[in-house]
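Every number here is computed from the coordinates shown, using simple stated rules; none is lab data. The structure displayed is predicted, hence computed values, not measured ones. When we count neighbours, we look across all protein chains shown, and the Cβ atoms used for this are built from the backbone with ideal geometry, even at glycine.
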Amino acid sequence: MKIYNTLNNRKEEFVPIQEGKVGIYVCGPTVYNLIHIGNARPMIVFDTVRRYFEYKGYEVNYVSNFTDVDDKIIKAANEEGVSASEISERYIKECKQDMEHMNVRPATTHPKATEEIDGMIELIESLIEKGYAYEVNGTVYYRVKAFQGYGKLSGKNIEDMEAGHRDLLVDGESEKEDALDFVLWKPKKEGEPFWKSPWGDGRPGWHTECSVMSRKYIGETLDIHAGGEDLVFPHHENEIAQSEAANGVKFANYWMHNAFLNIDNHKMSKSLGNFFTVRDIEKKFPLQILRFFMLSVHYRSPLNFSDTLVQSAANGLDRILTAEERLKGLLSKNTEGVLTDAEEEISKSIDSYVNKYEEAMDDDFNTADAIAAIFELVKLANVAITEESSHELIKKAYDTIAKLLDVLGIKAERAEESIDDKVQEMIDKRQEARKNKDFALADQIRDELLNMGIELKDTREGVKWKRI
Ligand code: AMP
Ligand code: ZN
């Protein structure tokens with residue numbers, strides 16, 4: 001199994017620290033609003049990496065944090081006039097809902113920064129003791145030049161960085177020994193959450209939490225550390241500096257970074273108005289389609305989100321699910337029979353597509369090629385499996401496609417489309433009108449919904465709707 005390791009800029013054979021086990025740490029979101037579809041990319045990609053390791057028989061310890069103390073959270077709290085923890089708890093809950101709807105499994109552990117402050121203080125103390133950090137007026141800084149190898153992940157060199165930083169010395173930070181030094185602990189400001197520490201009341205810098213949580217829940221050396229490519233510098237570089245200085249061992253053997261998601265070929269940004277939350281998308285189509293769309297491109301390639309591309313992913317997924325539906329139908333009708341000689345050949349072809357799928361996934365999780373192998377399998381099933389086929393063959397085809405989809409986190413069944421609250425309200429109102437025998441109102445609401453592209457059908461099991 002090969003993984004592209006950002007640390008060495010090449011694909012490398014994966015060798016676990018402990019046979020049969022893998023420890024993965026993924027930097028999670030800062031929880032100050034609903035997650036956007038860019039944040040969803042690392043969640044979906046690395047959940048798929050985890051699933052594939054499990055498919056290969058590994059026991060996976062998957063840790064992903066929530067950054068629940070940060071300037072943006074405090075700003076949101078002040079704007080709403082509520083506490084920072086109210087904001088972070090609310091958006092952790094919302095994020096977990098989005099993850100569930102995207103079929104992203106909960107991590108083995110989801111640590112929260114605010115619950116790990118003691119560990120962060122200990123880490124900072126040990127860095128000071130070892131000469132890697134110093135305190136000035138209640139702020140603790142990491143002494144970057146004390147750490148040999150700073151820049152090894154991002155490929156930056158200290159001299160170039162210094163040149164760029166010389167005039168960047170921000171007011172209030174000029175107490176730093178060196179422009180490159182970064183904050184490990186900062187003193188409290190009025191109205192901000194704070195914790196007690198040997199350097200006075202304050203809170204940790206952002207990078208500190210990941211070094212502490214990854215060590216506590218996985219160990220001093222991680223098999224894999226992952227996140228979006230924007231985190232390579234400074235976040236991951238600083239994590240390495242902190243962890244390796246404190247622990248004296250290599251921090252992570254493999255570094256994986258997903259490329260960014262853009263919208264209509266532009267960077268996603270609120271000011272450009274091309275900004276979608278996962279919740280926005282869920283109102284338009286099942287998140288299973290979003291997941292399939294994300295995996296239709298290799299995780300290290302930029303991903304362009306556009307209606308046309310999503311529609312084409314939706315059509316592709318539909319083709320696979322239609323084939324699975326047909327096979328399921330055949331299975332229920334055809335409950336007997338073992339492979340015939342002629343079917344042995346078809347069965348071997350199924351195996352060859354499984355090999356193709358695994359080869360793609362073994363090659364740095366190439367989900368695009370893995371999906372292509374599923375399409376080939378579907379094509380074979382559509383042609384070679386008929387009402388005359390044996391139960392064994394139909395079952396093998398159905399189970400194989402379902403299993404390969406499951407590794408991608410895609411269910412072999414059509415997801416129920418969600419509907420937005422307003423439409424649900426109108427449907428309920430129409431039901432109420434029908435109950436009251438106000439058929440004129442009921443028909444009027446049905447027509448309004450029709451104009452909105454929603455067709456209702458009254459069935460024995462109740463009212464059903466579909467998009468038209
Ligand atoms: P943040 O909440 O900004 O710390 O981001 C959480 C995770 O989402 C990090 O791994 C980021 O790298 C990732 N991320 C943020 N924006 C995007 C994007 N547009 N495309 C892909 N990943 C992103
Ligand atoms: Zn991190």
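Annotation: the chain has a Kirkwood hydrodynamic radius of 25.2 angstrom, from the mean reciprocal C-alpha pair distance. Loop-located GluC sites (Glu not before Pro) across the stretch 6-52 with a Cβ neighbour count of 15 or fewer within 10 Å are Glu19, with loop assigned by DSSP. Only one residue of Ser197, Ala163, Thr208 has its Cα farthest out toward the positive end of the dipole of the stretch 138-268, where Lys and Arg carry +1 and Asp and Glu -1 on Cβ, and that residue is Ser197. Kirkwood-type hydrodynamic radius, the stretch 269-373: 16.6 Å, calculated from all non-identical alpha-carbon pairs.
Count neighbours as other Cβ atoms within 10 Å of each site's Cβ, and list the trypsin sites (Lys or Arg not before Pro) in the stretch 219-316 that are DSSP loop with at most 12 such neighbours.
Values: sites: Lys250, Lys267, Lys270, Arg279, Lys283, Lys284, Arg291, Arg300; in loops: Lys250, Lys270, Arg300.
Within the stretch 219-316, the qualifying trypsin sites (Lys or Arg not before Pro) (loop, at most 12 other Cβ atoms within 10 Å) are Lys270.
Need one number: the % of Cα-Cα pairs in the stretch 2-267 sitting beyond the 36 Å mark. Pairs farther apart than 36 Å: 13 percent. Of Lys96/Lys267; Lys96/Lys196; Lys284/Lys457; Lys333/Lys466, which ones are farther than 23 Å apart at the Cα? Correct reply: Lys96/Lys267; Lys96/Lys196; Lys333/Lys466. Eigenvalues of the alpha-carbon gyration tensor of the stretch 421-467, scaled by 5 and square-rooted, set the equivalent ellipsoid semi-axes at 15, 13, 10 angstrom, largest first. Measure nothing fancy, just the Cα-based angle from helix 71-80's long axis to the longest principal axis of the chain, in degrees from 0 to 90, nearest 10. Value to nearest ten degrees: 70. The calculated P(r) of the stretch 55-118, using every Cα pair and 10 Å bins from 0, goes 19, 42, 28, 9, 3 in percent.
Taking GluC sites (Glu not before Pro) across the stretch 188-240, the ones in a DSSP loop with at most 16 further Cβ atoms lying within 10 angstrom of their Cβ are Glu190, Glu220.
Under 21 Å Cα-Cα from Lys328, which lysines qualify once same-chain neighbours fewer than 8 residues away are excluded? Correct list for Lys328: Lys348, Lys379, Lys395, Lys396, Lys403, Lys411. Since only Ala113, Leu330, Ser306 are under comparison, the one whose Cα sits farthest along the positive direction of the charge dipole of the chain, derived from C-beta charges on Lys, Arg, Asp and Glu, is Leu330.
Taking the C-alpha atoms only, the angle from helix 117-129 to the longest principal axis of the chain is near 40 degrees.
In debye, nearest 20, what is the charge dipole magnitude of the chain about its Cα centre with +1 on Lys and Arg Cβ and -1 on Asp and Glu Cβ, if you could check? Kindly include the intermediate steps, with their values, before the conclusion.
Numbers: 61 positive and 84 negative charges, 172 e Å.
Dipole magnitude for the chain comes out near 820 debye.
Where the centroid of each part is defined by its Cα atoms, how far is the stretch 248-303 from the stretch 83-100 in Å? So the separation of the two Cα centres works out to 19 Å.
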